[in-house]
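The values are calculated or read from the model by the stated rules, or taken from the named source; none is laboratory data. Fair warning: this is a prediction, and the values are worked out from it, not measured in the lab. All Cβ positions, glycine included, derive from the backbone under ideal geometry; neighbour counts span all protein chains shown.
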Ligand SMILES: Nc1ncnc2c1ncn2[C@@H]1O[C@H](COP(=O)(O)OP(=O)(O)OP(=O)(O)O)[C@@H](O)[C@H]1O
Ligand SMILES: O=C(O)C1=C[C@@H](O)[C@@H](O)[C@H](O)C1
Ligand SMILES: [Mg+2]
């Protein structure tokens, strides 16, 4: 074989075998990130989508695009119930147009209708994080209407207590801890890949 020919029997440097395994396990299904504000759904979701070569969409961004309002404006003008109804419709439409990687707003999976839509619409992965990590990440910005309270850290803790039992109904759980984002993204790929084991 001439020297210039690549040896395709050996994996090229930088190829992550988990990517192929995760792709195979996911098939034509959507991958949907759920979890609290600051868990990393947007940032990790985008990284995983890139690795799986799937389109990425963030439902909060899509809601703001279709309504031409910010989430804060939607809450202020129409209230949370209207926001949730819009969120359900947007997520339902996005899931039908898949396969995609979709990061949802923190309350999406908590809403019973949306939870049903997500469960039927693909593989859900909960990015779980401890209070101090979440607080560290969210306290720098104030665009989250649910945290505009007297004691936002306490509010976050209350949300954790209410929501974690429900998030735990997800298909997969990955701990979003204080490590490099690449590590968390890789653990998501490993969790998805594990769905294909024993098939
Ligand atoms: N593993 C990580 N290590 C360090 N920082 C992280 C990690 N994961 C996420 N972050 C940071 O935490 C912040 C929140 O992440 P992100 O916006 O992705 O969360 P989210 O779950 O989408 O939150 P929201 O529901 O409010 O949209 C970002 O600044 C992001 O860069
Ligand atoms: O946790 C929540 O209920 C929310 C999280 C954000 O992503 C937004 O979807 C909105 O601020 C509500
Ligand atoms: Mg987000």
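In this structure, is residue 54 assigned to a loop (DSSP other than H, G, I, E, B) and free of Cβ contacts under 8 Å to residues at least 60 places away in the same chain? Give the derivation first.
Values: assigned to a loop (DSSP other than H, G, I, E, B): yes; free of Cβ contacts under 8 Å to residues at least 60 places away in the same chain: yes.
It is true that residue 54 is assigned to a loop (DSSP other than H, G, I, E, B) and free of Cβ contacts under 8 Å to residues at least 60 places away in the same chain.
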Note: among 38, 98, just one is within 16 Å of ligand 1 (Cβ to nearest atom) and either over 19 Å from the mean Cα position of the chain (by Cα) or modelled with pLDDT under 95 (or both), namely 38
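A quick yes/no check of all residues on (1) crowded, with 16+ Cβ neighbours inside 10 Å; (2) within 16 Å of ligand 3 (Cβ to nearest atom); (3) assigned to a helix (DSSP H, G or I):
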site	(1), (2), (3)
31	yes, yes, no
44	yes, yes, yes
60	yes, yes, yes
73	no, no, yes
77	no, no, yes
83	yes, yes, yes
88	yes, no, yes
98	yes, no, no
Answer yes or no as to whether residue 81 is touching a strand residue (DSSP E or B) at 6+ places or on another chain (Cβ under 9 Å) and away from ligand 1 (no atom under 11 Å from the Cβ).
no
Being at pLDDT 95 or above and part of a strand (DSSP E or B), is that true of even one residue in the range 128-142?
yes
Report yes if some residue within the range 148-167 is under 19 Å from residue 44 (Cα atoms), outside any helix (DSSP H, G or I) and in contact with a strand residue (DSSP E or B) (Cβ under 9 Å, 6 or more places away or on another chain); otherwise report no.
no
Mind checking which residues of the range 153-178 are surrounded by 11 or more Cβ atoms within 10 Å (Cβ to Cβ), free of Cβ contacts under 8 Å to residues at least 24 places away in the same chain and either under 18 Å from the mean Cα position of the chain (by Cα) or within 12 Å of ligand 2 (Cβ to nearest atom) (or both)?
155, 158
State whether the residues of the range 183-192 include one that is over 23 Å from residue 48 (Cβ atoms) and either within 16 Å of ligand 2 (Cβ to nearest atom) or without any contact (Cβ under 8 Å) to a residue 24 or more places away in the chain (or both).
no
